[in-house]
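Remarks on the structure that follows.
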Amino acid sequence: MCGLSVFVSSRPHAGVPDAESAAVFASALETMHHRGPDDTQVEFGDGVAFGFKRLAIIDRAESAQPAHYPVDGPQAGRWTVVFNGEIYNYRELRADLIREHRATFATQGDSEVLAAAFHYWGAAALSRLRGMFAFVAYDHFTRTLHAARDPFGIKPLYVLETSDGLFLASERKALLPFSGDSGAALDTDALAHYLTFQYVPDPLSLHRHVRRLPPGHRMTWTPGGGLRQERYFRPSLRPLHVQPEAAYHAIRDALRDSVRKHLHAEVQVGAFLSSGVDSSAIVALARESKPDLHAFTAGFAHEGYSEIEIAQDTAEQLGVRLTPTVVTEDDVLRELPRIVQLLDDPVADPSLIPLYFLAQTASRYVTVVLSGEGSDELFGGYTIYREPMSLAGIERLPAGMKRGLRNLSHVMPEGMRGRSFLERGTTPIEERYYGNARIFGPEEKSQLMRFTAEPHTAITAHLYAETADVDPVASMQYVDLHTWLQGDILVKADRMSMAHSLELRVPFLDQAVYAAAAGLPTELKLPHGNKTTKHALREAMRGIVPESVRDRRKLGFPTPTRLWLKGGIGDWVGALFDSSQTGHLLDLGYAQRLLKDHRAGVADHSRKVWTVAMFCLWHAITVEKTIDPSPVRAPAVV
């Protein structure tokens with residue numbers, strides 16, 4: 001796991017940058033030191049600059065980056081590659097390249113294999129990669145930059161195009177020195193989407209000039225030729241008629257193989273363990289190959305907000321060592337500015353807080369952890385996916401009757417039993433399901449925002465159009481695969497682990513596991529008469545994970561935000577609203593009223609208040625610069 005930074009000049013034969021420009025580039029790279037503390041490399045050429053921060057995992061003694069390929073011959077050094085991630089089938093690809101092209105290699109790592117794959121196979125190499133990656137491959141002969149991001153968006157890649165040229169980096173903060181960053185550059189459409197989803201969806205960022213290369217996409221750029229982007233992979237769930245036992249067998253085999261491949265490293269590998277079947281399956285399968293596996297879990301001191309006891313019981317049954325972490329309110333107040341700064345854009349998912357402290361603890365013992373992200377989206381793990389079945393009766397009513405029931409719901413008192421059922425049952429799925437998180441609805445946003453912006457359907461409408469021929473559950477999963485997973489789940493996993501130089505690997509988001517899940521019919525994910533989710537996965541794990549865990553409902557790092565906001569953290573949020581310079585964007589009086597009503601017990605506004613607070617904190621750090629989240633490191637020596 002690493003951090004990369006690249007610049008390609010728009011001017012032909014721009015030469016090597018002067019000392020001042022080189023120092024700015026090196027200093028920007030240093031903002032990502034946490035991504036790769038083991039080695040720093042900066043290289044300058046004719047109109048190009050490559051920076052790399054390495055966390056050494058594979059071929060630790062060699063495989064420094066930037067990598068150059070080929071190593072000899074008439075095309076020696078044609079390609080320069082910087083690569084963040086892991087290619088889990090690199091040894092098989094290396095053998096293929098030697099057999100098919102008599103390729104030669106100077107190292108034993110995956111970065112050189114990636115460079116050779118692109119040299120010999122071009123963009124076709126992407127369909128052969130099994131792993132997580134964001135990479136840049138520069139062809140010095142044609143002055144063409146190639147870049148790609150893995151199919152699910154596990155690893156990030158930010159892009160900034162200016163009149164000077166093209167800049168790319170693993171984190172947005174490394175691009176800001178070149179972006180003319182100021183409050184005026186804030187993208188209000190991105191902010192509006194954040195207020196709906198609790199994250200900024202791809203390809204947007206809160207800086208209107210900086211974008212993210214979307215998952216499953218590749219791009220090329222040449223001076224004068226501009227940027228071209230195309231999709232090479234689109235995850236799609238198309239329910240098929242399959243035999244249950246065959247499906248369970250395929251899931252079990254694919255996940256077991258994926259876990260084995262994800263364990264490969266020259267450093268210590270551990271795993272995160274919570275209360276559910278996802279992490280328990282990863283730990284159980286990892287222990288088959290690694291009996292001394294060390295697992296980690298986190299929780300809070302508040303009753304009902306900790307998975308530690310359940311995780312301890314699971315660890316005992318599986319025979320693995322478990323180290324717990326208890327997070328306090330003082331911990332949160334102390335580290336929250338640092339957490340928000342690490343995210344680049346705010347993510348108002350409170351579960352990233354225990355993840356931050358969990359990764360901090362794990363990094364003291366191991367360098368790599370396996371985790372269960374992606375299982376819910378692939379196998380149908382969210383309870384909300386049962387909603388189409390519970391609403392089926394009302395949705396089949398005549399249109400006129402549904403209109404009447406919807407009008408009735410509008411006059412029913414807020415919180416009255418049955419109101420939400422009538423309202424949601426008479427609303428088309430495209431309008432009622434935004435994805436796994438819905439914070440502020442359109443009417444609430446009109447009260448909060450002091451600007452106009454595009455609606456949330458700008459993000460979701462095309463996803464529903466692409467799934468018009470599948471059942472509602474598959475459609476909801478598809479929406480989450482392309483929004484929630486990549487904008488929330490994987491962002492917090494990458495940033496909170498990398499904050500502590502810890503590589504987090506996700507065996508569920510493996511091409512073979514995806515293939516085993518893609519054709520599952522809804523009745524194998526969410527069978528009628530069964531309140532559990534991920535039925536096929538649970539059946540596949542029969543005999544592998546303890547029965548007490550296999551059917552347990554998902555908790556998902558429960559975080560006591562509701563309680564925090566009634567105590568000292570609520571005081572801090574109120575003061576943050578008072579001092580915030582975001583009044584031109586948001587009605588902070590409205591936010592204060594939400595906080596006041598929450599603290600008085602009028603209504604639970606914790607998610608809404610937290611979402612506004614995280615933006616105000618981000619703004620104070622990034623735009624106002626009134627809060628310093630961390631000490632400044634000295635720039636790298638070039």
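The values are calculated or read from the model by the stated rules, or taken from the named source; none is laboratory data. This structure is a prediction, so every number in the text was calculated from the model and none was measured. For neighbour counting, all protein chains shown are included, and Cβ atoms are generated from backbone atoms with ideal geometry for every residue, glycine included.
Structure notes:
Residue by residue, here is whether (1) on the phi < 0 side of the Ramachandran plot; (2) surrounded by fewer than 18 Cβ atoms within 10 Å (Cβ to Cβ); (3) acidic (Asp, Glu); (4) at pLDDT 95 or above holds:
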residue	(1), (2), (3), (4)
Asp494	yes, no, yes, yes
Ser501	no, no, no, yes
Gly519	yes, yes, no, yes
Asn530	yes, yes, no, no
Arg538	yes, no, no, yes
Leu555	yes, yes, no, no
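- Here Arg396, Arg438, Arg417 are screened, and the one residue that is exposed (fewer than 14 other Cβ atoms within 10 Å of the Cβ), under 23 Å from His605 (Cα atoms) and not assigned by TED's automatic domain parsing to the domain that holds Leu588 is Arg417.
- Filter result for Ser27 (of a type in the set (Ser, Thr, Tyr) and at pLDDT below 95): no
- Evaluated against (1) more than 16 Å from Ala453 (Cβ to Cβ); (2) touching a helix residue (DSSP H, G or I) at 6+ places or on another chain (Cβ under 6 Å), Tyr199 falls short on exactly one condition, (1).
- When region 439-457 is limited to residues that are under 26 Å from the mean Cα position of the chain (by Cα) and of a type in the set (Val, Ile, Thr), the one that is nearest to Gln592 (Cα to Cα) turns out to be Ile439.
- Residue, farthest from Ser127 (Cα to Cα), within region 219-235, restricted to residues that are within 23 Å of the chain's Cα centre (by Cα) and surrounded by fewer than 20 Cβ atoms within 10 Å (Cβ to Cβ): Gln229
- Meets criteria (touching a residue at least 60 places away in the same chain (Cβ under 8 Å), in the same structural domain as Ala123 (by TED's automatic domain parsing) and under 21 Å from Gly165 (Cα atoms)) for Val81: no
- Flag for Thr622 being buried (at least 22 other Cβ atoms within 10 Å of the Cβ), among the hydroxyl-bearing types (Ser, Thr, Tyr) and modelled with pLDDT of 95 or more: no
- Residues located in region 413-427, provided they are closer than 30 Å to Pro350 by Cβ and assigned to a loop (DSSP other than H, G, I, E, B): Pro413, Glu414, Gly415, Met416, Arg417, Gly418, Thr427
- Candidates Arg211, Arg238, Arg256: the one that is surrounded by fewer than 17 Cβ atoms within 10 Å (Cβ to Cβ), under 23 Å from Leu485 (Cβ atoms) and within 27 Å of the chain's Cα centre (by Cα) is Arg238.
- Pair list, Cβ under 8 Å, 6 or more apart: region 224-241 residue over 19 Å from Leu509 (Cα atoms), other residue of a type in the set (A, V, I, L, M, F, W, C) and assigned to a strand (DSSP E or B): Leu227/Val159; Leu227/Leu166; Leu227/Met219; Leu227/Trp221; Arg228/Met219; Arg228/Trp221; Gln229/Met219; Glu230/Met219
- The condition of being touching a Leu at 6+ places or on another chain (Cβ under 9 Å), farther than 26 Å from Gln486 by Cα and modelled with pLDDT of 95 or more holds for only one of Phe105, Phe135, that being Phe105.
- Options Arg91, Arg99, Arg35, Arg78; residue that is buried (at least 23 other Cβ atoms within 10 Å of the Cβ) and not β-branched (Val, Ile, Thr): Arg35
- Candidates Pro151, Pro177, Pro156, filtered to the one that is closer than 22 Å to Ala620 by Cβ and either free of Cβ contacts under 8 Å to residues at least 40 places away in the same chain or not in a strand (DSSP E or B) (or both): Pro177
- Of all the residues in region 429-461, those that are within 27 Å of Arg396 (Cβ to Cβ) and not in a loop (DSSP other than H, G, I, E, B) number 8.
- Selection from region 52-75 of residues that are closer than 28 Å to Val369 by Cα and touching a residue at least 60 places away in the same chain (Cβ under 8 Å): Leu55, Ala56, Ile57, Ile58, Asp59, Arg60, Gln65
- Test result for Thr533, of a type in the set (Val, Ile, Thr), in a loop (DSSP other than H, G, I, E, B) and more than 10 Å from Phe379 (Cα to Cα): no
- If you go through region 435-457 and keep only what is touching a helix residue (DSSP H, G or I) at 6+ places or on another chain (Cβ under 6 Å) and closer than 19 Å to Tyr382 by Cα, you end up with Gly435, Asn436, Ala437, Ile439.
- Residue that is aliphatic (A, V, I, L, M), surrounded by fewer than 22 Cβ atoms within 10 Å (Cβ to Cβ) and under 29 Å from the mean Cα position of the chain (by Cα), where the choices are Leu526, Leu585: Leu585
- Close pairs from region 560-580: first at pLDDT 95 or above, partner crowded, with 20+ Cβ neighbours inside 10 Å and β-branched (Val, Ile, Thr), Cβ under 6 Å, at least 6 apart: Leu565/Val609
- Residue check for Pro201: in the same structural domain as Ile154 (by TED's automatic domain parsing), within 21 Å of Arg607 (Cα to Cα) and either in contact (Cβ under 8 Å) with a residue 60 or more places away in the chain or basic (Lys, Arg) (or both): yes
- Some residue of region 6-29 being within 27 Å of Tyr120 (Cα to Cα) and surrounded by fewer than 16 Cβ atoms within 10 Å (Cβ to Cβ): yes
- Filtered by the rule that a residue be of a type in the set (Asp, Glu) and under 29 Å from the mean Cα position of the chain (by Cα), region 75-103 gives Glu86, Glu92.
- For region 104-132, filtered to residues that are assigned to a loop (DSSP other than H, G, I, E, B) and crowded, with 22+ Cβ neighbours inside 10 Å, the residue that is farthest from the chain's Cα centre (by Cα) is Gly109.
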